[in-house]
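Here, each number is a calculation from the coordinates, and none is a lab measurement. What you are looking at is a predicted structure, and each value in this text was computed from that prediction instead of being measured. Here Cβ is always computed from backbone atoms with ideal geometry, including for glycine, and neighbour counts include all displayed protein chains.
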There are 2 protein chains.
Amino acid sequence: MAGYVRDDISEDEHERQRGLYGPFTQAVRDLLDATIRTEVDDDEVRAVQAEVEALTERLRVRQLDGPYGVRFSASGRGRPWGNPVVGVRNAAAPPLEVERDPAGRAWASFHLGAAFEGPPGLVHGGVSAMILDQLLGEATGAGGKPGMTGTLTLRYRRGTPLGDLRVEAWIDRTEGIKTWARGHLLDAEGVTVEAEGLFILPRWARERRAEADTAPSYFE
Amino acid sequence: MAGYVRDDISEDEHERQRGLYGPFTQAVRDLLDATIRTEVDDDEVRAVQAEVEALTERLRVRQLDGPYGVRFSASGRGRPWGNPVVGVRNAAAPPLEVERDPAGRAWASFHLGAAFEGPPGLVHGGVSAMILDQLLGEATGAGGKPGMTGTLTLRYRRGTPLGDLRVEAWIDRTEGIKTWARGHLLDAEGVTVEAEGLFILPRWARERRAEADTAPSYFE
């Protein structure tokens, strides 16, 4: 499948790019937060807008034709850098730094601010769903049972406050190409949202794995 | 509940703010896209980063202490402008312009680009979940049966390509403070993701509605 590109960059080059794009994207993330919260006067908003437009033009002088895709180095290390949950180059992503265990577990601690608000002061229910979808997918990949989301069910036990949060996910059971994963979102007081999902390995990935070619270890 | 602020601005003032912040936020949205896709050299990335940081400082000279919340004018017209799906001031939002029918329907046509990518070229499964959560909630609100998400179930029928999309949602049935809504996401070929959700009116909102005070018409 096009888009999963193995570009064979070295580990050093991976780290160099991360060191360049990580802080750059964080600067844009901070701008996004300030865009929601600023109370400067109208003329200043318009002046900043003109400067933002000029910066965008400078970046677009040379750019990818389309989205970033997912790239892999020779070692199989992935760069899903446009991803809206974990993407190092996506200023809309928190971004989560996900830890993984080959037993089929994945988890992350992270912070959500103004850009993730649904009801006042609370995380948008859809943002919780998005993060849990990502983590359940990563748990299946960590356990060697990757798949694309087939079904996903969320149970909202109470509102999730904006701020410091944690997400945990794990493989519940597997059956051939199907893997069921579970997980939850937590604040300091405990679980706020529970999730269960079915992940299915698509045919093209099965064929690619059979050929011992580099197949993605997860799909989002 | 704090955060649902009735600030009694006029319709003219609402439109004036929308005319100011809409284009400003769109400029930041374009910058976010360029941040993912740019291939300019490292020195230029660092130079643009420094300028972005300076702009953020200018915006932060005067800003809200916390997130935007949800504000209401005297007419009851809401401004959920920090919302990650529909927020006029949130550069991470597509943003969707949702249309509503008092029979309990909500729908929107929109475009998703590089910032919403999961698998290469496809919409992140969690983004689809987030958008459907918002639309199901809006459908319940449109029908006078608002609630916060209790459960949400997504069925992914096939990958959703990045590009021009549509989302539709409607009330399926109601039972006291509980409302079930359904919906789906579509590309030009038809349905890609189906959703069903249970929405529950929280106690504080029931009390506020009983007092004929301004209660929100939906919660995200």
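The table below gives the values:
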| read-out | value |
| --- | --- |
| Those GluC sites (Glu not before Pro) in the range B:115-200 that DSSP places in a loop and that have at most 10 other beta carbons within 10 Å | B:GLU189 |
| Which of B:GLY144, A:GLY82, B:TRP107, positive extreme of dipole for the protein assembly as shown (C-beta unit charges) | B:GLY144 |
| For residues of A:106-116, the mean tally of beta carbons on other chains within 10 Å | 3 |
| Of the DSSP H helices in chain B, those whose Cα atoms cover at least 18 Å axially and whose Kyte score averages -1.0 or more | B:42-60, B:125-142 |
| Sequence-separation-based contact order of the range B:99-210, relative, with Cα cut under 8 Å and 6+ spacing, percent | 30 |
| Cβ-vector label at 7 Å, A:ALA188, separations to other copies in nm | 5.2 |
| Average beta carbon contacts from partner chains per residue of B:83-89, 10 Å cutoff | 6 |
| Calculated label separations, B:PRO102, copies of the chain, 7 Å along the beta-carbon direction, nm | 6.3 |
| Neighbourhood net charge (10 Å Cβ-Cβ; Lys/Arg +1, Asp/Glu -1) for A:ILE177 | +3 |
| Trypsin sites (Lys or Arg not before Pro) restricted to DSSP loop in the range A:113-190 with at most 14 other C-beta within 10 Å | A:ARG157, A:ARG158 |
| For the range A:1-52, size of Cβ-based charge dipole, Lys and Arg +1, Asp and Glu -1, in debye | 220 |
| Loop-located chymotrypsin sites (Phe, Trp or Tyr not before Pro) in the range B:66-106 whose Cβ has at most 13 other Cβ within 10 Å (DSSP) | none |
| Kirkwood estimate for the range A:100-210, i.e. one over the average of 1/r between Cα atoms, Å | 14.2 |
| For residues of B:154-160, the mean tally of beta carbons on other chains within 10 Å | 5 |
| Pseudo-label separations to other copies for B:ARG158 - Cα-to-Cβ vector, 7 Å, nm | 4.4 |
| Mean ellipticity per residue at 222 nm, deg cm²/dmol - from DSSP H runs of n ≥ 4 across chain B, formula -39500 (n - 2.57) | -11000 deg cm²/dmol |
| Residue (of B:VAL52, B:LEU32, B:GLY19) at the positive-pole extreme of the range B:1-87, dipole from beta-carbon charges | B:GLY19 |
| Size of electric dipole in the range B:114-198: Cβ of Lys, Arg +1 and of Asp, Glu -1, about Cα centre, debye, nearest 20 | 240 |
| Estimated dipole of the protein assembly as shown in Debye, rounded to 20 [Cβ of Lys and Arg +1, of Asp and Glu -1, Cα centre] | 1520 |
